[in-house]
Amino acid sequence: MVASQVPKPQRIELILRQLDTLPTLPTVAARLLQLTSDDSSSTKEVISLVASDPALTAKIISQCTRADKGVRSDVITIEKAVKLLGFDAIRNTVLSLKVLEVFQKADAVPTQASTNEPEPEAFDRDGLWTHAMAVGVLAELIAKAHPGQQDLPADQAFVCGLLHDIGKLALDQVLPRSYARVVAICKNKRCAIAEVERSIVGIDHHSAGKRLAEQWGLPHVIQDCIWLHGSPYEALPDLPHRRMVGLITLSNAIVRRQMLGTSGNHGLVADTDMLIERLGLSKPAIESATLSLYDELHRRGGELGLGEAPSQDLMMASIQRANEALGRLNQQLNVSSKQAAGQGRVLETIASFHSQATPGRSVQDVLESVMASARSLFGEGFYAVLYPSTNPSHREEWLIGQQTADGGALYEAIDPPPSAPALSEMDAHEPAAMNLMGLLPWVSDALVRADDVREIRLLPLSSGWGTAALLIHDRPQLPAWHVLHPLLATWGGSIAAAAQHEGVKRMGEALNEANTELAEAQDALLKQQSLARLGEMAAGAAHEMNNPLAVIAGRSQLLSKSLPQGSRDQQAAQLVFQESHKLSDLITALHMFANPPTPKCRPVQLLGLLDDVVRTARQARSKRERNIEITMGVKGDLPIIHCDPAMIARAVTELLLNALQANPSGEVHLSAHTDSAMESVVIRVVDDGDGMDGRTLTHAFDPFFSAKPAGRQVGMGLARAQQLVLAHGGRIDLDSRINEGTSATLRLPIRGMHADTTGTA
């Protein structure tokens, strides 16, 4: 598992363990810390300890000689130096020298394995030592300028300032490449280094320095200055050395503004005026201390053996750093200015795009607006949009719209590529070449208006729930992605909103259609239930009336034969016999609704069946209907169908008789043809008679309904025909207008149609 995959708590613990492996504080410094913190320690013990390190002894005597102590250098001994400087000064001097010694020796020790990757620019340790030395010297000068401040001892201020950034050295020591990356990012983005440290490494230099100071057993005031410097003064906890932490923060801010050394931090500098006021210090005194900083830094560096450059060189170096920082700032301002101009153009394009928007636009209207908006921003070129849609058969397809010269668009629907992901799942974070997504071979044939399909690129137009569409273009350069992203989201959101509106509209239409079908189904169900109840009643009535009707019919026939031929009584008996037969037929028709007939299907030559029906209907015409001609026309060949010929013949006959009774002025025409798309045969009976009004058309198939005067018709013809056709899986539709006539269309499914057909028109 690589370091970036290690959970953050474990990664931090690994780094802290590496910090624990750093060299420990030298024995002389550690022992001196113990002696100077113990009130029972004697001067003799301190002198003996310092004298055990000849190099340390020489530097302390040199420091004492350079100090303003009023003694001659030829009579200084280590005993006199310790007595003149005091325990605290000796302790801080030794501590400073030994800490610097630790990291100077560790500089050449690599802690990360070398790789083939290019090495980042190493962290400038010399620049950091200059910065740390300057902070320590300035903190000491400020403390000396305020002698009445008991909680700001000058020698302690120097050590705290010198060691305040020791955490950066520690992190650079254990993770040199990672920390070089931290410094580079901070420099490029001009941000606070602690934020980048926590992001890249896992902990910042404050926590790393505190951990190292604890390991070495440094005094709490030094630990807290390392840990808390840079924090807002009002946010510091109530510590005995709270003002010392504030002094180090103030000194660090002033040194950063003076560009002395390199801290690696490019975040905002603390407000020094406010901090001076919070600490209760003298601003003139601090300004005076700052003016003497360069000379004192040169002198103090010599005392500690750091070989600092002359004060004038230090000033020139700081000026050079300031000029470099100013140059980088100007460069960033130029880049920001260009980005701001690009953002301005993008915002203007967004405003223009929204100003042209109208409620309820279709997706294609929005796509055309997107292409026009892209042309206005990116310039003349090729523009197209790839959009996923759903066709009327609910099959997914991709729609390509290409902009024309007049600002319109040409659209073409294509099937999605089988290997491509769904458009909404495509990455919407970076523009890409279309061929990188494997779309070029599939879509190139459709992009007929592009000059060179090899130059086309795409931009994903994202919405709240994924990529809504792809903008295709041939522009070689576009504004930066972070500048362009709001416009792409605006385009994508508008397309998605239009698609959602169309989807809601289609859903409303489908819902309305479904409601209509439901109403029709409910109406049909009510009719069916009514017919079922009527059938049950008819079944009972038929059972009770058949026997009396048989007796009436038989007796009336016998009576008719026994009476004189042509007499009035004989005619009356004959009428009774005829009417009893009509009533028997009516009961039989009612019985059909109780027990729907089951067709006895067999192959039937449809043309021959229709010929027989027309012949029968002609013979059944009444005297009044003799002058109405029944004609027949067949379009194309008619198939041999599987049906019950008697039932279909009865149904067509009922349609012809119903047409004859509609008072046609000329003829009743029967036609037939095959509907291959519906796999059915269509038989149509047309008359130019009285026609039907809306009420009649609605109830035309109801049993016993008739628009004729009472006593003229029983109203069972169309109802009987409908039942016979429904038994075959077909249907009858009526189309009628008052005084214009009626068209009755009978549609039967073709079942087991033979390969050869017979009968022609």
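The values are calculated or read from the model by the stated rules, or taken from the named source; none is laboratory data. Bear in mind that the values here come from a model prediction, so they are computed numbers and not experimental data. In this analysis, Cβ positions are derived from the backbone assuming ideal geometry, glycine residues included, and neighbour counts consider all displayed protein chains.
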Next on the checklist: I'm trying to understand the selection: among the residues of the range 338-355, which are in contact (Cβ under 8 Å) with a residue 24 or more places away in the chain and more than 16 Å from Ala372 (Cα to Cα)?
Outcome noted: Gln339, Gly342, Gln343
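Can you tell me which of Gly280, Gly261 is surrounded by fewer than 20 Cβ atoms within 10 Å (Cβ to Cβ) and on the phi > 0 side of the Ramachandran plot? Show your work before the answer.
Details: Gly261 fails: surrounded by fewer than 20 Cβ atoms within 10 Å (Cβ to Cβ).
After ruling out the rest, the residue left standing is Gly280.
So which of Leu748, Leu734 is under 19 Å from Gly633 (Cβ atoms), touching a strand residue (DSSP E or B) at 6+ places or on another chain (Cβ under 6 Å) and either modelled with pLDDT of 90 or more or buried (at least 21 other Cβ atoms within 10 Å of the Cβ) (or both)? Talk me through it step by step, then tell me what you get.
Details: Leu734 fails: under 19 Å from Gly633 (Cβ atoms).
Going through Leu748, Leu734 in turn, the sole match is Leu748.
If you take the residues in the range 447-506 that are of a type in the set (Lys, Arg) and outside any loop (DSSP other than H, G, I, E, B), which one is nearest to the chain's Cα centre (by Cα)? Spell out the reasoning first.
Within the range 447-506, the first condition is being of a type in the set (Lys, Arg), and the residues that meet it are 449, 454, 457, 475, 505-506.
Going one step further and asking which of them are outside any loop (DSSP other than H, G, I, E, B), we end up with 454, 457, 505-506.
Values: Arg454: 29, Arg457: 21, Lys505: 23, Arg506: 24 Å.
If we take residues in the range 447-506 being of a type in the set (Lys, Arg) and outside any loop (DSSP other than H, G, I, E, B), then Arg457 is nearest to the chain's Cα centre (by Cα).
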Checklist entry - In this structure, does Val182 turn out to be β-branched (Val, Ile, Thr), in a helix (DSSP H, G or I) and farther than 30 Å from Asp295 by Cβ? => result yes
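What are the residues in the range 145-179 that are among the aliphatic types (A, V, I, L, M) and farther than 27 Å from Ala289 by Cα, if any?
Step one: of the range 145-179, the residues among the aliphatic types (A, V, I, L, M) are 145, 152, 154, 157, 159, 162-163, 166, 169-171, 174-175.
Result: Leu169, Ala170, Leu171, Val174, Leu175.
Is it fair to say Ser671 is out of contact with any Gly (no Cβ under 6 Å at 6 or more places or on another chain), without any contact (Cβ under 8 Å) to a residue 40 or more places away in the chain and not hydrophobic (A, V, I, L, M, F, W, C)?
On the way: out of contact with any Gly (no Cβ under 6 Å at 6 or more places or on another chain): no; without any contact (Cβ under 8 Å) to a residue 40 or more places away in the chain: yes; not hydrophobic (A, V, I, L, M, F, W, C): yes.
No, not satisfied.
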